[in-house]
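Down below is the structure, laid out as structure tokens.
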Amino acid sequence: MDSEEIDKWDEESERAWKDDAHDIEFAESIVGLLKEILPPNARILDVGCGIGKHVKAFRKLGYTVVGIDQSKKAIEYAKILNPDTDLRNIRIQQLYSHDEFDLIHTCAVLQHSIHQRQIDMLHTFYNALKPNGYYLCAECTLPPGASSDGYSFTYVGWLTFMDANNFKHVKTIPPWPYYLYRVNK
């Protein structure tokens with residue numbers, strides 16, 4: 001990713017800070033699921049955390065959260081919303097964690113990357129998750145009959161892609177699909 005793309009995400013962070021609500025509440029279905037699968041002291045990695053809305057929501061539920069984002073501006077805002085939280089201005093390729101997190105969360109991260117980068121990110125996620133850890137993601141999938149650009153997927157294509165990369169589908173939570181996967185190490 002070049003500096004022009006990072007500048008684009010800095011601009012998006014500025015827009016999000018000005019125009020978006022700074023609080024987000026997970027749907028009851030997500031909250032119930034998190035309480036069911038995670039221990040109370042769970043460690044969560046929020047990749048592409050942006051201005052930190054999801055970090056704040058996870059913290060409100062009592063979890064320890066680490067947030068990373070490639071946008072320096074996003075991390076500056078995330079630190080305002082989440083003081084005393086481990087927030088890092090790094091790219092996923094710079095994350096060197098092994099068996100550290102109970103859950104990794106992304107929201108519209110993989111869909112913005114080319115196919116090989118998606119595979120590389122999933123490999124990094126796999127390494128960072130504890131054995132039997134979870135990956136919770138919200139990614140757009142193409143409607144049935146739509147053509148793929150090589151790195152966007154239909155619903156079935158998405159599940160197949162994730163399975164091929166060692167992420168076993170556990171559940172899909174509508175309306176904007178959240179997908180829950182588990183790694184088996």
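The values are calculated or read from the model by the stated rules, or taken from the named source; none is laboratory data. All of these numbers come straight from a predicted model, not from anything done at the bench. Here Cβ is always computed from backbone atoms with ideal geometry, including for glycine, and neighbour counts include all displayed protein chains.
Side notes on the structure shown:
- Sub-6 Å Cβ pairs linking a first residue in segment 171-182 that is free of Cβ contacts under 8 Å to residues at least 24 places away in the same chain to a second residue that is of a type in the set (F, W, Y) and surrounded by 14 or more Cβ atoms within 10 Å (Cβ to Cβ), at least 6 apart or interchain, are T172/Y179, ordered by first then second residue.
- Per the conditions (1) at pLDDT below 95; (2) surrounded by 16 or more Cβ atoms within 10 Å (Cβ to Cβ); (3) under 20 Å from K53 (Cβ atoms), the sole criterion not satisfied by S152 is (3).
- Neighbours by Cβ (under 7 Å, 6+ apart or cross-chain): first from segment 71-99, in contact (Cβ under 8 Å) with a residue 60 or more places away in the chain and among the small types (G, A, S); second surrounded by 12 or more Cβ atoms within 10 Å (Cβ to Cβ) and part of a helix (DSSP H, G or I): S71/I6; S71/W9; S71/D10; S71/S13; A74/W9; A74/S13
- Test: D86 is out of contact with any His (no Cβ under 7 Å at 6 or more places or on another chain), surrounded by fewer than 16 Cβ atoms within 10 Å (Cβ to Cβ), on the phi < 0 side of the Ramachandran plot and modelled with pLDDT of 90 or more: yes
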